[in-house]
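Taking it in order: structure first as structure tokens, then the write-up.
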Amino acid sequence: MKARVFVTLKPGVLDPQGAAIGAALGGMGFDGVAGIRQGKVFDIELDAPDETTARESLDAMCRRLLANTVIEDYSIEIA
Amino acid sequence: MKTAVIVFPGSNCDRDMAVALRKATGASPAMVWHKDSRLPDGLDLVAVPGGFSFGDYLRCGAIAAQSPIMREVAAFGQAGGHVLGVCNGFQVLIEAGLLPGVLMRNATLKFVCRDVPLAVESADSPYTQGYEAGQEITLPVAHHDGCYIADDDTLARLGDEGRIAFRYRDAVNGSADNIAGILSRNRRVLGMMPHPERAVDPRTLGTDGAPLFHGLSGMLEAA
């Protein structure tokens with residue numbers, strides 16, 4: 001089973017890296033970038049008997065390691 | 001006083017920490033590898049040193065916080081043991097849930113490596129009782145991810161409970177309320193970004209870190 005996990009900063013959390021990337025894009029002539037937030041993507045190959053079990057397992061992975069839920073949200077897609 | 005220093009792959013202040021502890025206590029700390037599953041018996045203090053554990057992959061301190069020894073360190077802290085985390089060690093303690101909040105990329109995006117003036121905010125802890133409250137000291141910082149952030153309730157609680165141990169006198173990395181170091185509720189766990197262990201010898205970088213180790217040693221010896 002293939003899964004993709006997205007980890008993104010919660011709204012309102014300062015993202016100086018995103019801001020710097022946004023400024024660089026503006027400097028390159030890409031106008032109209034009103035905002036940019038940097039996040040992470042994890043592609044995970046998982047042995048699991050069914051999607052429910054996989055989701056439970058991925059959710060635990062996110063809570064315990066992949067995301068810091070003080071500042072980050074996560075979402076899980078299963079292919 | 002019996003101490004231990006945890007060593008992760010990528011730790012680089014573990015030996016500085018060992019020197020500082022030996023100077024203050026007269027005894028060498030046990031150097032404990034992160035894959036060990038037990039701490040030595042009868043410890044008074046566990047120090048989690050600075051460095052770049054696991055290459056700062058994922059988030060600084062996140063992978064180290066899941067090392068086998070950290071379950072023991074967390075249990076030691078929850079049972080009232082003294083735990084000191086410096087720089088990457090502070091990041092590890094936060095990721096392990098021993099201290100609240102989060103340490104993010106410096107707001108300037110720059111690695112900051114210099115001596116900075118600090119105010120000792122609270123002298124009411126084993127670590128800071130060798131200082132006067134309000135005293136200004138100078139310690140080196142060397143970090144890329146030291147911007148301390150917490151929600152408003154946590155920040156208010158840290159302030160109300162006198163758990164802010166050190167504050168930067170000037171903005172260094174964008175930390176909320178210029179927080180440089182915080183204490184646990186029982187005041188026995190301290191996490192701080194500046195390096196007291198690099199300031200214990202007059203031949204190198206001053207001695208403003210020495211009272212932390214001497215104060216700790218004096219209090220724990222007397223206990």
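The values are calculated or read from the model by the stated rules, or taken from the named source; none is laboratory data. It should be emphasised that the depicted structure is a prediction, and the values quoted were computed from it without experimental measurement. No Cβ is skipped: glycine too gets one built from the backbone with ideal geometry, and neighbour counts run over all protein chains shown. With ligands, DNA and RNA removed, areas are computed over all heavy atoms of the protein, side chains included. Shrake-Rupley method; radii C 1.70, N 1.55, O 1.52, S 1.80 Å.
For this structure, a couple of remarks:
- Candidate set: the range A:59-79, residues that are more than 13 Å from chain B (Cβ to nearest Cβ) and among the acidic types (Asp, Glu); chosen: the one surrounded by the fewest Cβ atoms within 10 Å (Cβ to Cβ): A:77
- Residues in the range A:38-48 that are assigned to a loop (DSSP other than H, G, I, E, B) and open to solvent by less than 100 Å² (accessible area, probe 1.4 Å): A:38, A:46, A:48.
- Taking strands (runs of 3 or more DSSP E) as the structural unit, those lying wholly within the range B:80-149 and holding at least 2 residues that are more than 13 Å from chain A (Cβ to nearest Cβ) and without any contact (Cβ under 8 Å) to a residue 60 or more places away in the chain correspond to B:112-120, B:136-143.
- Residue ranges of strands (runs of 3 or more DSSP E) in the range B:1-48 with at least 2 members more than 14 Å from residue B:82 (Cα to Cα): B:30-33
- Any hit, the range A:25-37, residues being part of a strand (DSSP E or B) and more than 14 Å from chain B (Cβ to nearest Cβ): no
- Beta carbons closer than 8 Å, at least 6 apart along the sequence or on distinct chains, pair a first residue in the range B:65-77 that is outside any helix (DSSP H, G or I) with a second that is surrounded by fewer than 20 Cβ atoms within 10 Å (Cβ to Cβ) for B:67/B:35.
- As a summary of the residue check, residue A:20 satisfies the conditions (1) open to solvent by less than 60 Å² (accessible area, probe 1.4 Å); (2) within 19 Å of residue B:106 (Cα to Cα); (3) modelled with pLDDT of 95 or more except for the one numbered (3).
- Single match in B:206, B:191 (criterion: touching a residue at least 24 places away in the same chain (Cβ under 8 Å) and buried (at least 23 other Cβ atoms within 10 Å of the Cβ)): B:191
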